[in-house]
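The values are calculated or read from the model by the stated rules, or taken from the named source; none is laboratory data. For clarity, every value in this text was computed on a predicted model and none was experimentally measured. Quick reminder, even Gly has a Cβ in these numbers, built from the backbone with ideal geometry, and neighbours come from all protein chains shown. All accessible areas refer to the heavy atoms of the entire protein, side chains included, with ligands and DNA or RNA removed. Shrake-Rupley method; radii C 1.70, N 1.55, O 1.52, S 1.80 Å.
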Amino acid sequence: MNFPIVGPAVSRVDGRKKVTGTATYSAEWARPRLAYAYMVLSTIARGRVIAIDRSDALRQDGVITILGPQNAPKVDGTSQNPNDRYLTVLQDDLVRHDRQPVALVIADTFEHAKYAASLVRVEYAAETPRTRFSHGEHYKPKDIKGEPPDTTRGDADAAFAAAPVRVDNVYTTPIEHHNPMEPHATIAEWDGERLTIYDANQGVWVARDRIARVFGIPPANVRVITKFLGGAFGSKGSMWSHTVLAAMAAKAIGRPVQLSVWRPQMFGSVGYRPGTSQRVALGADRDGKLATQIHEVVSQTSTFDEFVEPSGAITTMLYASPALRVTHLLTRLDYATPTYMRAPGESSGSFALESAMDELAYATKLDPLELRLRNYADMDPTKNLPFSSKSLRECYRVGAEAIGWSERISQIGSMRDGPDVIGMGMATAAYPTNRSKASATATLNRDGTASVRSGGVDVGTGAYTTFTMIAAETLGLPLERVDFDLGDTVYPEAPVAGGSQLTASVGSAVKLASLDALAKLKTLAAADARSPLYGIDVAALDVANGRLVHGASSRSEAFEAILARSGGQVRGSWEAAPGVEKNEYSMHAFGAQFAIVRVDLDLGTVRLVKQIGAFAAGRIVNAKTARSQYLGGMVMGIGMALLEETRPDARTGRFMNANLSEYLVPVHADVGAMDALIVPEDDSHVNEIGVKGIGEIGIVGAAAAIANAVYHATGTRIRHLPITPAKVLGLAEAAPELQS
Ligand code: MOS
């Protein structure tokens, strides 16, 4: 029961199911008389639907019905709490963005539905969409998930004016779409007033409560099941329109209905990372000591809903400086509503801040790593609280050593490899430690196995495995004797698998529920005259290998022997919740990102030679799946730095590259040598298991490290992502159209 600070590297307990095709994803449940729905999406970004001609489509083989604003059942799709998104579920004729659902074809097969959908003719009255930041009404959001949108320390502008060294630039990040391997999908099935939804989402309770409100039925009437998810990255953290549309269709035809979102439809109404425009102004003395940091963020939201990309949040806590001003503004444009995408805020914000720090390093002629050490924050400089733990110095040290930072020649363009020029860059990473209320049950069975349950979703990160490990460790059982199951609202309630919080939240509940079960088992044994442990003080009992053990007397008894006599099982349960730690400590995971790039100065191509990330995130339950999360984040950082950009046509507001053929994500050939190093960190404050969360920090700073390496190689500072060959060659426009 002594948890290691860095746990063993354990392969996924669900790995065999995944590679043999027996892991059931949401679109794959076999339901009797299943019908298929396919969305017809708008081809304009703003205006009205005048008429929908369904006649051709209705005549096609297998078509059952077609829903549109005229005949769709009336439901409530408007936003009702801050984490809900406004849903477009055929309740009116307004078109608010490109690829908005405007009709739904239901047929006996997916292919019939999809083909018939291509024959639905929609007539629009189009209006000119507002597609550039300068078109939108700029406003300050009331709050960002309950936190104020602005943060100030001292007089940031006066300190900037007085600073002997200043850098002051605008950085932009483009719209990015999540593109998980598994597109969104739902199967909805009604039984009278009861609804079962098999849905690709990150949190089954979020989906349950929302859909219950939309249909005006009690949440207890809705069951949501999500057993396997093929990635999400935040896109499945909210419930979106298609899930309701599937349930509407199922109700309309009295059969279960599957709705799969086709890849190009993923660029419609299931969220994206908003474009940002960020001014970062740093003022320092000649020794690189920061006097002030100014970070002004503008990001986009939709005309009908609000999402704030909190890019400035990381700036409020990362570096010590007497003065600081961080502000967030929104601009309303005629695109769909943006949403959380892996490290929402930290990833886009760290590109701006860590690029600016690199610019300051050159302005002060300091090594970029040395500059960061000179501004190291030993306390949270805004909250004025100690960090629960912070091993960033060790991350810098370990990462610098692994990348060979000491061999970096500071002179720009001075490192060569044949015809290519080599650059080395670095950046800092940080991500807050989040946690929500979560429950679990742990049942010790008569055969000596344990069944452990909590409803959180495994988004593909390895949650099945880590929770099995936590239960097994706590219960003193080998892994194969623990059956852990999740992803169902019939199980104990768990929060959304977002904000890197699932392991901290559910892991704590699993540990406490397991301890609760053990306490009951110990009491049973100690009270039973037939047990060798009879009369022993329960506090003196340990567990090992499926036995309760009394160390002092070497007496012990197997779980199954105790349970056989008592005639059944014991069941522990626990609700774990955040406590006062948030008021006493600032809690964050930290890391250091390093990159070596090779640039072809004739072609402008950038290739990753090597990437090293070193991360300290409290206790690591499973070294294998943790490393995999870090590496995945860093690879996504390559995408952010070099490839990913959803390009709207500013005249029409339509996305021009809405498919994986033109929306580029990194493939193997884009990745160089890479490693993620785990820096051991013991944190007794964050939660019962000392876990900080690892799902998102791997992308934070990754793009800046690459951009900084490109500057070191070429002397070209690219402040507008992604870093395309045209920009490296100086052929692209200064600022992107979206932010103009
Ligand atoms: Mo994550 S973007 O909080 O799912």
Taking 0.36 nm per residue of separation and subtracting the Cα-Cα distance, what length does fully extending Gln60 through Val671 add? 215.3 nm
Leaving ligands, DNA and RNA out of it, work out the accessible area of Thr327 with a 1.4 Å probe and give it in Å² to the nearest 10. 20 Å²
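Normalised by the empirical 2.2 N^0.38 Å for globular proteins, what value does the Cα Rg of the chain take? Write out the running numbers ahead of the final one.
Details: Rg = 27.1 Å, N = 740, 2.2 N^0.38 = 27.1 Å.
Taking the Cα Rg and dividing by 2.2 N^0.38 Å, one obtains 1.00.
Over region 52-174, give the accessible area per residue in Å² for a 1.4 Å probe, as an integer. It would help to have the intermediate numbers written out before the result.
On the way: 6060 Å² over 123 residues.
Averaged over the residues of region 52-174, the accessible area is 49 Å².
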Between Ala161 and Asp287, what's the calculated FRET efficiency when r is the beta-carbon distance and R0 is 25 Å? Round to 0.05. 0.85
Per DSSP H run of n ≥ 4, the term is -39500 (n - 2.57); total these for the chain, divide by its residue number, and report the mean residue ellipticity at 222 nm rounded to 500 deg cm²/dmol. -7000 deg cm²/dmol
Lys/Arg +1, Asp/Glu -1 at C-beta; the chain dipole; positive extreme among Ser566, Ser439, Gly632: Ser566
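Of all accessible surface on the chain at a 1.4 Å probe, what whole percent is carbon and sulfur?
Working: 13730 of 26780 Å².
The nonpolar share, carbon plus sulfur, comes to 51 percent.
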Round to the nearest 0.05 the FRET efficiency obtained for Lys251 and Glu575 when R0 = 35 Å and r is the Cβ-Cβ distance. 0.55
Region 436-577: mean projected area of Cα convex hull, nm²: 8.1 nm²
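What order, most packed first, do the peptides 518-525, 371-378 have when packing is the mean number of other Cβ atoms within 10 Å of each residue?
Details: 518-525: 20.4, 371-378: 17.4.
Ranking, from highest mean packing down: 518-525, 371-378.
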Which whole-number percent gives the relative contact order of the chain, counting Cα pairs below 8 Å spaced six or more residues apart? 17 percent
R0 of 35 Å, Cβ-Cβ distance Glu111-Arg446: FRET efficiency to nearest 0.05: 0.10
Tell me the per residue accessible area of region 436-577 using a 1.4 Å probe; a whole number in Å² is fine. 35 Å²
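Between Ala529 and Arg416, what is 0.36 nm times their sequence separation minus the Cα-Cα distance? Round to one decimal in nm. List each step's numbers first, then the result.
Working: separation 113, 0.36 × 113 = 40.68 nm, distance 7.86 nm.
Net length gain for the segment: 32.8 nm.
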Which of the peptides 702-712, 102-112 is most tightly packed, and how do the rest follow, judged by the mean count of other Cβ atoms within 10 Å per residue? 702-712, 102-112
Return, ordered by residue number, the residues of region 500-536 whose backbone nitrogen is under 12 Å from a label point located 7 Å along Cα→Cβ of Glu560. none
Leu479 versus Thr43: modelled label distance in nm, points set 7 Å from Cα along the beta carbon direction: 5.2 nm
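Around Gly399, what is the net charge, scoring Lys/Arg as +1 and Asp/Glu as -1 over all other residues with Cβ under 13 Å from its Cβ? Please list the in-between numbers first.
On the way: positive: Arg372, Arg393, Arg397, Arg408, Lys610; negative: Glu394, Glu401, Asp675.
Once positives and negatives cancel, what remains is +2.
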Between Ser406 and Glu737, 0.36 nm times their residue separation minus their Cα-Cα distance comes to what? 115.2 nm
